[in-house]
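Below: the structure, in structure tokens.
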Amino acid sequence: MPFDDIINAILSGFKEIRFQDLLDIIIITMLVYKIIEWSVNTRAYQLLKGLGVLLLVMLLSTIFNLYTINYLLNTLLVSGIVVVAVVFQPELRRGLAHIGRFKFNFSIRDKEDNSGVVKEIVNALIELSKRRVGALIVIERETKLDEYLPTGTLVDAQITSALIQNIFEPNTPLHDGAVIVRDSRIYYAACVLPLFDDANISRELGTRHRAALGVSQASDSLTLVVSEETGVISYAENGKLVRYVDRIALTELLESIFAIPADDKPFSFLTKRMSKDDENK
């Protein structure tokens, strides 16, 4: 076939593509990308790679008319859907929960300015870190953590550095477990969290770090950890753990949750204008 005929065939094919076809391709591409992104570092990721290989083999068997292989692969894939749904139920649950957390936010800010909360939490964690007292604080966001509340004790108190330190003081009734923060208040203490079950996790990480990773996989929460052995401050978010967090990084992290930036505060433009006028005088 001449080269010009090939080009003309390709161009004629593009002419038949509708807007709905392009939209369909974009949606499917985004969906596949998100599924791969959510499954990274989970057992489901290995399953997806294996599934990709099987689909490739099935495509080749169709092209080369390998009917037996094609029939076996079709049968395997159809019956395997039920098995996958049972074996990978935790991963599927996390993925669906992740989809459910998506929302359109038309407001500039829908949270109160709780700058003081940031200072109290930071001071508490720094002090606990110096004394090497273990701590585990879960800051609830969109996903409610009600399923873990029955394992703990209701506190429902204002966040202060002294209260946080007192809760995690060794040999006290509430020190063993996690504090759950809701609506800028210490809601529950001594809660039991799900543990991260990845076999590849570092052996240096103890139960607190595994619990932090576990709840960060199951929800959109931010979890702060102080290591009892080393005093190192870490945080877990979206199934990932960041260690060796200093005061500055911890403050910036918490301000992104609790404090409203100056630009978003009401009448901030007036404050800026007044400061500029003062400078010009």
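The values are calculated or read from the model by the stated rules, or taken from the named source; none is laboratory data. Note that the structure is predicted; figures quoted are calculated from it, not measured. Note that we place each Cβ from the backbone using ideal geometry, even for glycine, and neighbour counts take in every protein chain shown.
Tell me which of these VAL82 doesn't satisfy, since it passes every other one: (1) in contact with a helix residue (DSSP H, G or I) (Cβ under 7 Å, 6 or more places away or on another chain); (2) at pLDDT below 80; (3) among the β-branched types (Val, Ile, Thr).
Tallying (1) in contact with a helix residue (DSSP H, G or I) (Cβ under 7 Å, 6 or more places away or on another chain); (2) at pLDDT below 80; (3) among the β-branched types (Val, Ile, Thr), VAL82 fails exactly one: (1).
Where in the stretch 113-187 are the strands (runs of 3 or more DSSP E), entirely inside, with at least 1 residues that are assigned by TED's automatic domain parsing to the domain that holds VAL245 and over 19 Å from GLU237 (Cα atoms)?
153-158
Enumerate the pairs (first residue in the stretch 14-36 and assigned by TED's automatic domain parsing to the domain that holds GLY52; second residue anywhere and in a helix (DSSP H, G or I) and modelled with pLDDT under 75) with beta-carbon separation below 8 Å, excluding pairs fewer than 6 apart on the same chain, so at least 6 apart or on different chains.
ILE35/LEU48; ILE35/GLY95; ILE36/TYR45; ILE36/LEU48
Can you tell me which residues in the stretch 204-220 are of a type in the set (Asp, Glu) and under 17 Å from the mean Cα position of the chain (by Cα)?
Of everything in the stretch 204-220, just one residue is of a type in the set (Asp, Glu) and under 17 Å from the mean Cα position of the chain (by Cα), namely ASP220.
Name the residues in the stretch 139-166 that are within 18 Å of LEU253 (Cα to Cα) and of a type in the set (Lys, Arg), would you?
Within the stretch 139-166, ARG141 is the sole residue that qualifies.
Output yes when any residue across the stretch 239-257 is hydrophobic (A, V, I, L, M, F, W, C), loosely packed, with under 10 Cβ neighbours inside 10 Å and at pLDDT 85 or above, and no when none is.
Yes, because at least one residue in the stretch 239-257 is hydrophobic (A, V, I, L, M, F, W, C), loosely packed, with under 10 Cβ neighbours inside 10 Å and at pLDDT 85 or above.
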